[in-house]
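Q: Starting off with a structure, shown below.
The values are calculated or read from the model by the stated rules, or taken from the named source; none is laboratory data. What you see is a predicted model; the values in this text were computed from it and never measured. Quick reminder, even Gly has a Cβ in these numbers, built from the backbone with ideal geometry, and neighbours come from all protein chains shown.
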């Protein structure tokens, strides 16, 4: 069986590991090792491991850290933030990691704070995750009691304060600069970049924001090395990945597998295949804001380089399966309705365009589609695309729409010609 460093020590009863249980599995040994290392060495090890951001963007983590000003002349305080907002539909991996092993995240954050010489850390958590919040707060308290957090950690001279922040409850808060505004108590809208948060972030100070799964990998990399971590993978991307699958499969859920595991292996080997009486038609590979793939793509490796080659993105690695008895136009309408509701309203294309897209899709689904609707949707797919909106929310919403207009063209036409949804 392949190694599963992120999940192999989780309790089968669904309870979180206590600090003593976590220590018995080797917990906080990586921190003790990192406290004896120069920050740049930690950065270099993580960079060489090819740990890429697990929030969806896939940027090299160690390289991201290297942009932070270092040394005595660097602005202070510096901040480190775990993005656990996780409001992307179909994505639920961070919830599991925080509920079942919160100390793994905390240790990863402390080591990452060492790497950038951060003074203050935040876990920015989705507000609906009540159980995760309770367990994270308990773990933070335990870490303080055992001098893993606070002043002069383990006598090293390094100090770090950590706080749990409950999200304001909007999808846009997962965008790192909107997250910073929310933390500052301001309206959650994205900021212009540059300057990037590593230079000018929370309250104008150097800040690193990484996904909760990303940080959870760090202790294992420091303890066992970059080469070991790369050896866990089946691709050039390092490590394992928490893959998820939902939809009409026999065993929806989450699994830690080697990076580069194929879609077919996840669907048939882990999710048990499709439920009886249903066939796979399409799937979304990485949360709601990724392009559709089809059954011909089942042997594609789920990694940051392979999925783009077939016209989509791996995103968060949490796949949503659409079966043959679910209307694809209805699926698109449901997705775009979510994105329209979650627009922060800061830029006109997103604020006005997404509700327009939603209303057109709703009319088509309800048998009220008109000639020219498909062309109008295609126009929105261009006008809300990359470089034409303030942030990536609207382009993310256009990814399933643009691919859906190609894949479901006959279904769109059938809805409009027959003035009804054939799936109803």
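Q: Restricting to region 77-123, give me the number of residues that are touching a residue at least 60 places away in the same chain (Cβ under 8 Å), within 26 Å of residue 337 (Cβ to Cβ) and either not in a loop (DSSP other than H, G, I, E, B) or not assigned by TED's automatic domain parsing to the domain that holds residue 41 (or both).
A: Looking only at that region, the number is 4.
Q: Could you grab me the full set of residues in region 1-22 that are touching a helix residue (DSSP H, G or I) at 6+ places or on another chain (Cβ under 8 Å) and in a helix (DSSP H, G or I)?
A: If the condition is that a residue be touching a helix residue (DSSP H, G or I) at 6+ places or on another chain (Cβ under 8 Å) and in a helix (DSSP H, G or I), then 19, 22 are the ones that fit.
Q: Among what's in region 353-370 and is more than 26 Å from the chain's Cα centre (by Cα) and assigned to a helix (DSSP H, G or I), pick the residue that is surrounded by the most Cβ atoms within 10 Å (Cβ to Cβ).
A: Out of the qualifying residues, it is 361.
Q: Residues in region 255-274: is at least one farther than 30 Å from residue 10 by Cα, part of a loop (DSSP other than H, G, I, E, B) and touching a strand residue (DSSP E or B) at 6+ places or on another chain (Cβ under 9 Å)?
A: No, there is no match, as no residue in region 255-274 is farther than 30 Å from residue 10 by Cα, part of a loop (DSSP other than H, G, I, E, B) and touching a strand residue (DSSP E or B) at 6+ places or on another chain (Cβ under 9 Å).
Q: Can you tell me how many residues within region 230-247 are more than 20 Å from the chain's Cα centre (by Cα) and buried (at least 19 other Cβ atoms within 10 Å of the Cβ)?
A: Residues that pass the stated criteria total 2.
Quick grid of which residues meet (1) within 30 Å of the chain's Cα centre (by Cα); (2) buried (at least 22 other Cβ atoms within 10 Å of the Cβ); (3) not assigned by TED's automatic domain parsing to the domain that holds residue 89:
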site	(1), (2), (3)
340	yes, no, yes
376	no, no, yes
390	yes, no, yes
398	yes, yes, yes
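Here is a yes/no grid of residues against (1) within 26 Å of residue 315 (Cβ to Cβ); (2) surrounded by 15 or more Cβ atoms within 10 Å (Cβ to Cβ); (3) at pLDDT below 95:
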{"position": "43", "(1), (2), (3)": "yes, yes, no"}
{"position": "55", "(1), (2), (3)": "yes, yes, yes"}
{"position": "61", "(1), (2), (3)": "yes, yes, no"}
{"position": "76", "(1), (2), (3)": "no, no, no"}
